[in-house]
Amino acid sequence: MAIRPILPYPHSGLAQTCQPVTVFDERVKTLCADLLDTMRAAPGVGITAAHIGVFERVFVLELSPQDGVRNYINPELISVSEKTLRHTEGSVSMPGYTDEVERPSSIRLRYQDVDGVFHEEDAEGFHAICIQHEIDQLDGMFWLQRLSRLKRDRLVRKWQKAAHAPKA
């Protein structure tokens, strides 16, 4: 549909809590299509509506061609495992900057699709990590907040030194 501008870190919108979608209409389907186009152009494997300045609880994942595209609307974690996994994370709002984050290795999720139909899903490994990462963003928590202060400060300084980065 359309590639939309991505909010760069540290844009204040990335710290905003997103609101639930209450009307499931063509606008939501267009939003999901635009998110997919924007994510692919970035490139990335996941993107939230907040990344493009739409503060609604919507995200899109495309982990691989085999898995296909997944639209998640009003997602909520039902349960998380005690077992954790460390994985390298980054953001379309801070391209080229990554670090390891520790998260539960498996989850159970409840969400709606573009038609408003409720689903529950179990996810493990990379899939679970990506879902948690995007839900954090919908809650206004940028992935850097999951790092130690030392690691976070180091990455932010590198980002700020880059010519394209706005100052915090």
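Rule-based calculations on the coordinates, nothing more; no lab input. Keep in mind the model is a prediction, meaning the values are calculated, not measured. Every residue, glycine among them, receives a Cβ derived from its backbone with ideal geometry; neighbour counts consider all protein chains shown.
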Taking the Cα centre of the chain as the origin, how large is its charge dipole in debye, to the nearest 20, when only Lys and Arg (+1) and Asp and Glu (-1) carry charge on their Cβ atoms?
-> 1040 debye
Per residue of region 102-114, in order, report the coupling 6.51 cos²θ - 1.76 cosθ + 1.60 (Karplus, θ = phi - 60°) as ³J(HN,Hα) in whole Hz, putting x for Gly and Pro.
-> 9, 9, x, 7, 9, 9, 10, 10, 10, 7, 10, 9, 5
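Report the Stokes-Einstein translational diffusion coefficient (µm² s⁻¹, integer) for region 1-132, Rh taken as the Kirkwood radius over Cα pairs, at 20 °C with viscosity 1.002 mPa s. Intermediate values should be presented prior to the final figure.
Values: Rh = 15.2 Å.
Estimated via Stokes-Einstein, D reaches 141 µm²/s.
Over all pairs of distinct alpha carbons, what does the Kirkwood formula give as the hydrodynamic radius of region 7-63, in Å? All intermediate terms of the calculation are to be shown ahead of the outcome.
Values: mean 1/r = 0.0858 Å⁻¹.
Evaluated over region 7-63, this radius sits at 11.7 Å.
Based on DSSP H runs of at least 4 residues, each adding -39500 (n - 2.57), what is the mean residue ellipticity at 222 nm of the chain after dividing by all its residues, to the nearest 500 deg cm²/dmol? Could you put the intermediate results ahead of the total?
Numbers: 3 runs with 43 residues, N = 168.
Here the helix-only value at 222 nm equals -8500 deg cm²/dmol.
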Average projection area in nm² (convex hull over Cα atoms of region 47-109, one quarter of hull surface) = 5.2 nm²
Which aspartates and glutamates does Lys161 reach when only Cα atoms under 15 Å apart count, and residues fewer than 8 places away in its own chain are ignored?
-> Asp153
A correct Karplus calculation of ³J(HN,Hα) over region 50-58, with 6.51 cos²θ - 1.76 cosθ + 1.60, θ = phi - 60°, whole Hz and x for Gly and Pro, returns 4, 4, 10, x, 10, 9, 10, 7, 9
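State, as an integer percentage, the relative contact order of region 12-156 based on alpha-carbon contacts under 8 Å between residues 6 or more apart. Walk me through the numbers before you get to the answer.
Values: 264 pairs, mean separation 36.3, N = 145.
RCO, region 12-156: 25 percent.
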